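Have a look at the structure below before the remarks.
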Ligand code: SF4
Ligand code: SF4
């Protein structure tokens, strides 16, 4: 058996659904696109990921010859109803690239060790354009919603790429969009207009970005501020957004399939409440939040902000006492977004809480949010 076949077999053994191989040639159109949309992607270009370098693997690793691309199916098991619409399916499936001591990071680590054992040098920390790599390696095609789709699965997949110095057998590329010609369901459904034309998305307007990238200084140059017009559209999402994938006809077979339950998620869902996320205790954080959403959000206050937005978007006065409690939180960010939520719910009870909060508030940005909320309430 050739090394290429061995690698593919090992990848399947690890639980990946598809493994393809392409050359380590660069991705010049990707670089052009990123540069043309610098304003939208500055946080990504200038951050730790270094995608422009990653798009030319040989510039970082001159010996690079091949990219091995693996697709993991994130939707083999059912997602509890209580978490759907709040946490994106990729995150429920814990498909983060890191850390190594969690399941997906461990899978990557095992693949890396296998490649090294077989004489390959594997690039360290090189982030190649993974979706493009998957299409060039013949294991995925594009959708107008910017996601990649794997045959027989759909877009709820995780793509992982390994750049190596070995010359391998290359697969036939499938670099094409395979949507029904007249379909625009994803663009029509995107609540924020982030998906503004086929294959083009402005991350700054995307709910997912605002859930977990909007943190002060993470990634480079970002802030925790979520614009009010985006807050309104975030609905109940607190970690990711699946809307443009949920409406997609290419995902319906899997979304409608009867899948086995995942006991870890069933247990997490039993415990999960937005009100608990809002007034987040160390115990709830350690028991339920961290095991599920461990990779992007670095501080509890961002989960609390997202919960406040989601509760505000319910418009339900039943949550006023929880929001009133959040108005006493030690974090200015939490008080600010709880104020927004109270303004969104509105009514005399919400106004009373806001007025009492304004009287004791000492931080200027929280004061501004409370005053704006009082106008809205
Ligand atoms: S993930 Fe949500 S907000 Fe982002 S582009 Fe898709 S539908 Fe729009
Ligand atoms: S919703 Fe339609 S246009 Fe959008 S990705 Fe799916 S098939 Fe393509």
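Brief remarks on what is shown
- Odd one out for residue 75 among (1) assigned to a helix (DSSP H, G or I); (2) under 20 Å from the mean Cα position of the chain (by Cα): (1)
Residue by residue, here is whether (1) in contact with a helix residue (DSSP H, G or I) (Cβ under 8 Å, 6 or more places away or on another chain); (2) within 30 Å of residue 235 (Cα to Cα); (3) touching a residue at least 12 places away in the same chain (Cβ under 8 Å) holds:
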residue: 3; (1), (2), (3): no, no, yes
residue: 15; (1), (2), (3): yes, no, yes
residue: 19; (1), (2), (3): yes, no, yes
residue: 31; (1), (2), (3): yes, no, yes
residue: 38; (1), (2), (3): yes, yes, no
residue: 45; (1), (2), (3): yes, yes, no
residue: 87; (1), (2), (3): yes, yes, yes
residue: 90; (1), (2), (3): no, yes, yes
residue: 93; (1), (2), (3): no, yes, yes
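- Of the criteria (1) closer than 30 Å to residue 331 by Cβ; (2) within 16 Å of ligand 1 (Cβ to nearest atom), which one residue 217 fails: (2)
To keep it simple, each residue is scored yes or no on (1) within 13 Å of ligand 1 (Cβ to nearest atom); (2) part of a helix (DSSP H, G or I); (3) in the same structural domain as residue 333 (by TED's automatic domain parsing).
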| residue | (1), (2), (3) |
| --- | --- |
| 234 | yes, no, no |
| 244 | yes, yes, no |
| 253 | no, yes, no |
| 259 | no, no, no |
| 268 | no, yes, no |
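- Yes/no for residue 203 being closer than 24 Å to residue 154 by Cβ, surrounded by 15 or more Cβ atoms within 10 Å (Cβ to Cβ) and within 15 Å of ligand 2 (Cβ to nearest atom): no
- Check on residue 258, within 27 Å of residue 189 (Cα to Cα) and surrounded by fewer than 20 Cβ atoms within 10 Å (Cβ to Cβ): yes
- Selection within the stretch 165-192 - in contact with a helix residue (DSSP H, G or I) (Cβ under 6 Å, 6 or more places away or on another chain), in a loop (DSSP other than H, G, I, E, B) and within 15 Å of ligand 1 (Cβ to nearest atom): 190, 192
- Looking across the stretch 130-150, just one residue is assigned to a loop (DSSP other than H, G, I, E, B), within 15 Å of ligand 2 (Cβ to nearest atom) and under 19 Å from residue 11 (Cα atoms), and that is 140.
- The stretch 339-372, residues that are under 23 Å from residue 318 (Cβ atoms) and within 29 Å of the chain's Cα centre (by Cα): 339, 340, 341, 342, 343, 344, 345, 369
- Restricting the stretch 151-164 to residues that are over 18 Å from the mean Cα position of the chain (by Cα) and not in a loop (DSSP other than H, G, I, E, B), the residue that is farthest from ligand 1 (Cβ to nearest atom): 164
- Within the stretch 198-214, restricting attention to residues that are farther than 18 Å from residue 333 by Cα and in a loop (DSSP other than H, G, I, E, B), the residue that is nearest to ligand 1 (Cβ to nearest atom) is 206.
The values are calculated or read from the model by the stated rules, or taken from the named source; none is laboratory data. Just so we're clear, the structure is a prediction, and the values are computed from it rather than from any experiment. Please note: Cβ atoms are built from the backbone with ideal geometry, for glycine as well, and neighbour counts cover all protein chains shown.
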